[in-house]
1. Using the 10 angstrom Cβ neighbour count as an exposure proxy, how do Y244, Y64 rank, fewest first?
2. Pop a pseudo-label 7 angstrom from the Cα along the beta-carbon direction at both L317 and A144 and give the gap in nm to one decimal.
3. Is the shape of the stretch 118-200 best called rounded, prolate or oblate, per the rule: a/c under 1.5 gives rounded, else a/b larger than b/c gives prolate, else oblate, with a ≥ b ≥ c the square roots of the Cα gyration tensor eigenvalues?
4. Karplus couplings for the stretch 256-266 from phi (6.51 cos²θ - 1.76 cosθ + 1.60, θ = phi - 60°), rounded to Hz, Gly and Pro as x?
5. Grab the other residues whose beta carbon is less than 13 angstrom from that of H224, score K and R as +1, D and E as -1, and report the net.
6. Kindly rank 225-231, 167-173 from highest to lowest mean number of other beta carbons found within 10 Å of each residue.
7. Which value in nm describes the separation of the simple spin-label points at R292 and R85, placed 7 Å from the Cα toward the beta carbon?
8. What does the charge add up to near L105, with Lys and Arg as +1, Asp and Glu as -1, over the other residues with Cβ less than 12 Å from its Cβ?
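Bear in mind that the values in this text are calculations on the coordinates, not laboratory data. This one's a predicted model, so the numbers in the text were calculated from it and none came from an experiment. Methodologically, a virtual Cβ is constructed for each residue, glycine included, from the backbone with ideal geometry; neighbour enumeration extends over all protein chains shown.
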Amino acid sequence: MFKIYTLIVQSMHRFCQEMWRKIWTKSSYSVILLVALAKMYKLGTVSRLTGFSPSTLRAWERRYGLLRPARSHGGQRLYSEEDVRLLLRVRELMDQGHRIGEIVLRDPKELLEGSHPACSEVAALGDLEEIRRALVEAALAFDADRLEQIFDETFARLSPQLVLERVVGPVAERIGELWASGRCTVASEHLFTEVASRRLRSLQGAIRPDPPQVLAACFPDERHELGLLMATYEIMRRGIGVLYLGAAVPFADLEHAYLVRHPVAVLLSVTLPSLWAEHRDDLAALLKRHGRQAVWAIGGRGSPVEDPELSEAGAILWPAGKSPAELADKLRQALRGRLV
């Protein structure tokens, strides 16, 4: 009797092993079992849920190791619910203007929590001088890849506002000083400005402010836009729409845009005192015609600390040394009751 019982047990054991092997040797059964154990998603489904194309997801897997999906026996990628949540958080951050190179530097757990840990940002603040030095060195060496890498790492650790105020602004000023002393070429200055400007435009593109009510432009013949881009970003971040006209806008063209758009404010940037001196009288005439109908703010290294005539005409002068964020706050305060 005992022998018969033993044979039955052994036969059942072999039968179970064979059935288990057959289940796992058929990819269709593998998928069914995995889905039964935990909610899993195929690549096409994840693409539809997150808005990222399959080719993008595969590229990020190879390049960054952002996700490590499970595989069916047939080689199909299978993503967990946590994978999908992580990708949705990545989509949210990219919509806010962050680059994938910045995002992947963060811990996935921090990404899912939805914010930087306070201690991480505080620790990064102690490295600001080193970050600024590295950016200057990369610009002088014409190393665009290094500039991008440093920006990726910095934006991953600090808020955009801190990066602009404590990194981009001081580095631009330092490079300008080096150029003035003959220790930096125009090419290096333009390289840094181009890389930083792309980041700023990306940040601006992620903001959805109200329709444009502010005109922003550089002085005639003024081709340095970085300061104006920073101020524009801060204004847009406060929910005020900006129509950005860019570099070297003749005052006649600016006035035409003003008459067509009827803005509540005009923001001008000038970095060279010589350009201020050359165009100051034309600006005064423009303010006499329109200075009371809108708020006019003029900032930059070329702007004087004071000009009684222009101030009397309604201009706000914002010389170097005052932050774009402070200018945005002052402008918003001045526009109380005027914004639609």
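1. Details: Y244 17, Y64 13.
Listing Y244, Y64 from fewest to most nearby Cβ atoms yields Y64, Y244.
2. Each label point lies 7 Å from its Cα, and together they span 4.0 nm.
3. On the way: a/c = 2.10, a/b = 1.79, b/c = 1.18.
Prolate is the answer for the stretch 118-200, as a/c is 1.5 or above and a/b outweighs b/c.
4. Once θ is set to phi - 60°, the couplings for the stretch 256-266 become 4, 4, 4, 5, 6, 8, 6, x, 8, 7, 10 Hz.
5. Working: positive: R223, R301; negative: E173, E189, E194, D221, E222, E225.
Here the charged neighbours net out to -4.
6. Numbers: 225-231: 24.4, 167-173: 19.7.
Top to bottom by mean Cβ count within 10 Å: 225-231, 167-173.
7. Label at R292, label at R85, 6.1 nm between them.
8. Values: positive: R99, R106, R157; negative: E102, D107, E110, D152, E153.
Charge balance near L105 sits at -2.
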